[in-house]
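> I have a structure here, written as structure tokens, and I will follow up with some questions on it.
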Ligand SMILES: NC(=O)c1ccc[n+]([C@@H]2O[C@H](COP(=O)([O-])OP(=O)(O)OC[C@H]3O[C@@H](n4cnc5c(N)ncnc54)[C@H](OP(=O)(O)O)[C@@H]3O)[C@@H](O)[C@H]2O)c1
């Protein structure tokens, strides 16, 4: 095994997802996955395709969503596609109307759509949209979708699963202000609301993922050889959390990484520029 593979195996030990238990737990349920056109959301939809579930898939790129719908069509899951830009009022209203039109209601919301930006603050001085766009999709979109979906989830004793990042638990890092603040904002919102939601029968899980090899991180040269989860591994962790309903899931080394982040914070930053992950 190459040294990189050893490191990956040590950092990201395989945690099996029991498909039988998963399918049994989800049987007959309706599951919204935001950001299903790519990366983790798409992989999760494919993992759930053999379950007797209704998948409601949303993202902006309609063609990718309909391709995914066709791929899943011969399998057990029923798929409804709602193409929408969740940064826009119209997109949020469209998804919300689609959810309220479901005769069976909603059982699970996987809040996964996201945008990551890695850019030095001095490169953002004339780019206020770096901050408004990340807040729009990583914070306001899930908050607004949930404000609409909470009554549906309450009726079905539903489950909210937030696809978060280890960055939300670490000392804030230079070059990551836009991403980290927006992901931490929704993480805090959800943690704050969790006891209120629990009293009404809605459970919450936050899956704090490390680096995952998806299109989101492709623009970042530094990440090409960095240890990262495969997208299948990440989707498996999320799927597993759908039946364990663990409140939080994080890598075993999170405590040490949190402590180390205090020192890394003072390392030289990318004053030369940075990378906008995603396509915005
Ligand atoms: N990759 C990592 O290293 C990593 C690590 C920790 C956490 N995460 C989190 O994992 C989640 C998924 O990321 P990924 O790595 O799978 O990235 P990805 O492949 O870039 O997928 C992002 C998804 O979000 C959707 N999306 C983005 N902007 C949207 C908008 N305005 N309206 C509707 N949908 C939108 C995209 O669809 P369209 O472009 O078609 O709209 C796409 O389906 C994110 O929340 C991210 O923060 C990722």
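> If we scan region 45-54, do we find a residue that is more than 13 Å from the ligand (Cβ to nearest atom), closer than 29 Å to residue 180 by Cβ and either part of a strand (DSSP E or B) or in contact with a strand residue (DSSP E or B) (Cβ under 7 Å, 6 or more places away or on another chain) (or both)?
no
> Among the candidates 32, 64, single out the residue that is closer than 30 Å to residue 181 by Cβ and either more than 17 Å from the chain's Cα centre (by Cα) or in a loop (DSSP other than H, G, I, E, B) (or both).
64
> Further question on the same structure: What number of residues within region 254-280 satisfy the criterion of being closer than 20 Å to residue 168 by Cα, within 16 Å of the ligand (Cβ to nearest atom), out of contact with any helix residue (DSSP H, G or I) (no Cβ under 7 Å at 6 or more places or on another chain) and at pLDDT below 75?
Final tally of qualifying residues: 2.
> How do the pairs read when you match residues in region 202-217 that are more than 13 Å from residue 229 (Cα to Cα) with residues anywhere that are near the ligand (Cβ under 7 Å from one of its atoms) and assigned to a strand (DSSP E or B), using Cβ under 7 Å and keeping only pairs 6 or more apart or on different chains?
Every condition considered, the pairs that remain are 206/164; 207/163; 207/164.
> Consider residue 195 carefully, then state whether it is modelled with pLDDT of 95 or more, surrounded by fewer than 18 Cβ atoms within 10 Å (Cβ to Cβ) and farther than 18 Å from residue 44 by Cβ.
yes
> With respect to the numbered conditions (1) in a helix (DSSP H, G or I); (2) buried (at least 20 other Cβ atoms within 10 Å of the Cβ); (3) within 15 Å of the ligand (Cβ to nearest atom); (4) at pLDDT 95 or above, which one is the sole condition not fulfilled by residue 153?
(3)
> Can you tell me which residues in region 234-253 are at pLDDT below 95 and either surrounded by 15 or more Cβ atoms within 10 Å (Cβ to Cβ) or within 12 Å of the ligand (Cβ to nearest atom) (or both)?
Residues satisfying the conditions are 250, 251.
> Just give me the residues in region 78-114 being outside any helix (DSSP H, G or I), within 21 Å of the chain's Cα centre (by Cα) and either surrounded by fewer than 18 Cβ atoms within 10 Å (Cβ to Cβ) or without any contact (Cβ under 8 Å) to a residue 40 or more places away in the chain (or both), in sequence order.
79, 80, 81, 82, 83, 84, 85, 88
The values are calculated or read from the model by the stated rules, or taken from the named source; none is laboratory data. All figures in this text were calculated on a predicted structure; none of them were measured in a lab. Quick reminder, even Gly has a Cβ in these numbers, built from the backbone with ideal geometry, and neighbours come from all protein chains shown.
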